[in-house]
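Novice: Here it is, the structure, as structure tokens.
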Amino acid sequence: MRLVLMVAALLATACAQGPSLPGWWLGTLAPAVPLRLEMHVTQASPKLEATFTSLDQGRAQFPASSVAVQGRQVSIAAAAAHATFTGTLSADGNTITGTWSQGPGKLPLTLHREAGPLPVAQNRPQEPKPPFPYRLLPALVPGPGGIHLAGTLTVPPGPGPFPAALLIAGSGPNNRNEDVFGHKIFLVLADNLTRHGFAVLRLDKRGVGQSTGDAATATTTDYAADAAGAFAWLRRQPGIDAARVGLIGHSEGGLIAAMVASQHPEAAFAVMMAGPGERGEDLVVSQVEALNAASGAPPATVAKDATMERAVLDLVMAAPTDAAVPAALDAAATKGTLPKIPAAQVAGLASPWYRAFLRSDPAPYLELLRCPVLALSGSKDVQVPPAANLPLLKADLAHDPHATVVELPGLNHLFQAAKTGLPAEYAQIEETIDPAALSAIDTWLDTVIVPTRAAHR
């Protein structure tokens with residue numbers, strides 16, 4: 001899921017006039033868990049180019065939408081992070097002191113010039129290494145509109161036929177491994193499932209990695225169409241038991257798994273890992289509340305920010321078109337009913353995906369499901385908070401005697417054992433998926449889908 005308070009990296013261009021910025025810069029944001037940020041600026045006459053990296057979030061990098069330099073004042077907007085950074089370059093050119101603004105939050109950020117990049121070592125003990133006790137096959141799946149989705153199909157040894165699962169990633173530009181915050185979530189999950197006797201297909205999302213297509217205009221409905229095509233393709237592959245093929249989705253991918261399974265009665269099962277039960281607009285507000293509460297904000301602040309977020313989202317949804325969103329928000333700011341929202345954040349609010357997601361409603365799909373369903377949630381998930389979402393999932397799946405809704409204690413949105421559940425912890429935690437979550441999926445699948453053979457560990 002896209003994070004309300006995700007710290008991202010910036011790729012910017014600007015006129016070379018003004019402060020001398022080329023070089024390496026390092027600073028630290030200090031929310032509940034400190035996050036180190038590294039910026040590398042290079043001169044590409046007549047423009048500056050910069051890359052801003054979050055060292056503690058898997059060295060994540062995202063493009064900036066604009067950078068402005070006037071005298072010693074520097075202002076950068078990062079549309080991908082819905083954030084802005086404004087600061088002042090010191091007289092000696094070695095420090096930029098400023099503020100990182102993201103959503104309703106503001107944090108001080110001071111960048112210091114460094115001699116070079118800071119190496120970051122990450123220990124990921126669960127990441128599987130070859131040789132593997134199964135086959136890895138390249139996959140090229142035809143998608144709607146002539147696009148092709150590239151990925152990897154892992155198949156247990158032997159002739160089969162094998163039960164199989166399609167993995168569906170969450171929102172954002174995810175590759176086949178759902179590689180986020182330095183964790184290859186789907187690589188670990190696929191390895192576990194294939195050792196357990198299941199063939200597994202995982203794909204780069206459209207416009208990502210080796211997959212074609214345009215992600216800029218894609219919505220959840222488009223990604224569901226991609227998943228439906230991949231599900232059909234998987235059922236046709238040699239060695240796959242077409243009667244035992246299901247879907248496993250994470251975050252928004254959990255919603256998509258329900259969408260596809262509800263429209264395809266041949267789906268053998270659906271697993272929703274941190275999949276939402278709330279409508280999109282309600283989920284965003286719940287996320288703001290949970291993030292603020294986990295960060296230690298007082299109840300009054302939590303309530304105030306949630307009310308403000310709701311007002312912004314209502315206005316975004318009421319706009320007749322995507323293009324009309326900026327003017328509507330500017331008008332509200334002029335009237336004083338809403339604060340001025342940075343241009344980078346406005347661009348995100350006006351995107352086709354975001355506007356469509358706000359209107360998304362899992363209930364109609366969940367109510368149509370007739371296959372076995374497992375809905376998993378971590379008790380410390382602040383992106384799809386269980387307190388708001390699990391009751392709705394239980395109610396919407398009440399008609400299905402094969403539906404199971406489980407809250408796993410102490411786990412976050414990525415299903416890691418966490419202290420606060422805040423996104424700032426994701427990269428700092430060494431485990432990628434807690435064994436309790438992997439075991440919950442394995443055990444449940446064994447009750448609804450009998451593997452072809454014994455597990456190979």
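Novice: Out of the range 346-379, which residues are assigned by TED's automatic domain parsing to the domain that holds Ala224 and of a type in the set (Val, Ile, Thr)?
Specialist: Across the range 346-379, the qualifying residue is only Val373.
Novice: Residue pairs, Cβ under 6 Å, 6 or more apart or interchain, first in the range 394-409 and within 22 Å of Asp434 (Cα to Cα), second in a strand (DSSP E or B). List them.
Specialist: What qualifies is Thr404/Leu374; Val405/Ala375; Val406/Leu376; Glu407/Ser377; Leu408/Gly378.
Novice: Of the conditions (1) in the same structural domain as Asp396 (by TED's automatic domain parsing); (2) of a type outside the set (D, E, K, R); (3) at positive phi, Gly336 clears all except one; give me its number.
Specialist: (1)
Novice: Now a separate question. Do we find a residue being part of a helix (DSSP H, G or I) and either basic (Lys, Arg) or farther than 30 Å from Leu368 by Cα (or both) anywhere in the range 228-239? It would help to see each step written out before you state the result.
Specialist: Initially, the range 228-239 is screened for residues part of a helix (DSSP H, G or I), giving 228-235.
Pick out the ones that are also either basic (Lys, Arg) or farther than 30 Å from Leu368 by Cα (or both) and you get 235.
Within the range 228-239 (the criterion being part of a helix (DSSP H, G or I) and either basic (Lys, Arg) or farther than 30 Å from Leu368 by Cα (or both)), the answer is yes, since at least one residue qualifies.
Novice: Got at least one residue in the range 310-330 being surrounded by fewer than 17 Cβ atoms within 10 Å (Cβ to Cβ), in contact (Cβ under 8 Å) with a residue 60 or more places away in the chain and not assigned by TED's automatic domain parsing to the domain that holds Ser75?
Specialist: Among the residues of the range 310-330, not one is surrounded by fewer than 17 Cβ atoms within 10 Å (Cβ to Cβ), in contact (Cβ under 8 Å) with a residue 60 or more places away in the chain and not assigned by TED's automatic domain parsing to the domain that holds Ser75, which makes the answer no.
Novice: OK, next. Regarding Asp400, is this residue assigned to a loop (DSSP other than H, G, I, E, B), within 22 Å of the chain's Cα centre (by Cα) and not small (Gly, Ala, Ser)?
Specialist: On the way: assigned to a loop (DSSP other than H, G, I, E, B): yes; within 22 Å of the chain's Cα centre (by Cα): no; not small (Gly, Ala, Ser): yes.
Criteria not met by Asp400.
Novice: A further question follows. Just a yes or no: is a residue in the range 289-300 on the phi > 0 side of the Ramachandran plot and among the hydroxyl-bearing types (Ser, Thr, Tyr)? Outline the logic, then answer.
Specialist: Taking the range 289-300 and keeping what is on the phi > 0 side of the Ramachandran plot, we get 296.
Now drop any that are not among the hydroxyl-bearing types (Ser, Thr, Tyr), which leaves none.
Checked the range 289-300: no residue is on the phi > 0 side of the Ramachandran plot and among the hydroxyl-bearing types (Ser, Thr, Tyr).
Novice: Right, here's the next one. Out of the helices (runs of 4 or more DSSP H) lying entirely within the range 265-354, which hold 2 or more residues that are β-branched (Val, Ile, Thr)? It would help to see each step written out before you state the result.
Specialist: Numbers: elements: 280-294, 299-318, 325-335, 343-349.
In the range 265-354, the matching helices (runs of 4 or more DSSP H) lie at 280-294, 299-318, 325-335.
Novice: Continuing with the same structure: Under 9 Å by Cβ, and 6 or more places apart or on different chains, what pairs join a residue from the range 183-206 that is closer than 22 Å to Gly239 by Cα with one that is among the aromatic types (Phe, Trp, Tyr) and in a helix (DSSP H, G or I)?
Specialist: Val200/Phe186; Leu201/Phe231; Leu201/Trp233; Arg202/Phe186
Novice: Of the conditions (1) surrounded by fewer than 19 Cβ atoms within 10 Å (Cβ to Cβ); (2) charged (D, E, K, R); (3) at pLDDT 95 or above, Asp396 fails just one. Which one is it?
Specialist: (1)
Novice: State all residues of the range 143-163 that are modelled with pLDDT of 95 or more and under 24 Å from the mean Cα position of the chain (by Cα); if no residue qualifies, say none.
Specialist: Ile147, His148, Leu149, Ala150, Gly151, Thr152, Leu153, Thr154
Every residue, every condition in (1) small (Gly, Ala, Ser); (2) touching a Leu at 6+ places or on another chain (Cβ under 9 Å), yes or no:
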residue	(1), (2)
Ala293	yes, no
Thr301	no, no
Pro320	no, no
Pro326	no, yes
Lys335	no, no
Gly348	yes, no
Ser360	yes, yes
Ala363	yes, yes
Leu369	no, yes
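Novice: Further question on the same structure: Within the range 371-397, which residues are farther than 30 Å from Ala60 by Cα and not in a strand (DSSP E or B)? Walk me through how you get there before you give the answer.
Specialist: Step one: of the range 371-397, the residues farther than 30 Å from Ala60 by Cα are 371-374, 390-397.
Cys371, Pro372, Leu390, Pro391, Leu392, Leu393, Lys394, Ala395, Asp396, Leu397, listed by residue number.
Rundown of residues vs (1) surrounded by fewer than 17 Cβ atoms within 10 Å (Cβ to Cβ); (2) outside any loop (DSSP other than H, G, I, E, B); (3) modelled with pLDDT under 60, yes/no style:
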site	(1), (2), (3)
Leu21	no, no, no
Val41	no, yes, no
Glu49	yes, yes, no
Gly58	no, no, no
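Novice: Still on this structure, please answer the following. If you check Ala267, Ala294, which single one turns out to be at pLDDT below 95 and crowded, with 21+ Cβ neighbours inside 10 Å?
Specialist: Working: Ala267 fails: at pLDDT below 95.
Step by step, each of Ala267, Ala294 is checked, and only Ala294 is at pLDDT below 95 and crowded, with 21+ Cβ neighbours inside 10 Å.
Novice: Yes or no: the range 410-427 includes at least one residue that is touching a Phe, Trp or Tyr at 6+ places or on another chain (Cβ under 8 Å), among the aromatic types (Phe, Trp, Tyr) and in contact (Cβ under 8 Å) with a residue 40 or more places away in the chain.
Specialist: Yes; the residues of the range 410-427 include at least one that is touching a Phe, Trp or Tyr at 6+ places or on another chain (Cβ under 8 Å), among the aromatic types (Phe, Trp, Tyr) and in contact (Cβ under 8 Å) with a residue 40 or more places away in the chain.
Novice: Looking at the range 418-445 only, could you name the residues that are at pLDDT below 95, closer than 19 Å to Leu376 by Cβ and over 15 Å from the mean Cα position of the chain (by Cα)?
Specialist: Ile429
Novice: Please find, within the range 403-426, the residue that is surrounded by the fewest Cβ atoms within 10 Å (Cβ to Cβ) out of those that are among the small types (Gly, Ala, Ser) and outside any helix (DSSP H, G or I). Steps first, answer last, please.
Specialist: Within the range 403-426, the first condition is being among the small types (Gly, Ala, Ser), and the residues that meet it are 403, 410, 417-418, 421, 424.
Then keep just the ones that are outside any helix (DSSP H, G or I); that gives 403, 410, 417-418, 421.
On the way: Ala403: 21, Gly410: 14, Ala417: 19, Ala418: 24, Gly421: 26.
Of everything passing the filter in the range 403-426, Gly410 is surrounded by the fewest Cβ atoms within 10 Å (Cβ to Cβ).
The values are calculated or read from the model by the stated rules, or taken from the named source; none is laboratory data. Just so you know, these numbers come straight off a predicted model, no measurement behind them. Positions of Cβ are generated from backbone atoms using ideal geometry, with glycine treated the same way; all protein chains shown enter the neighbour counts.
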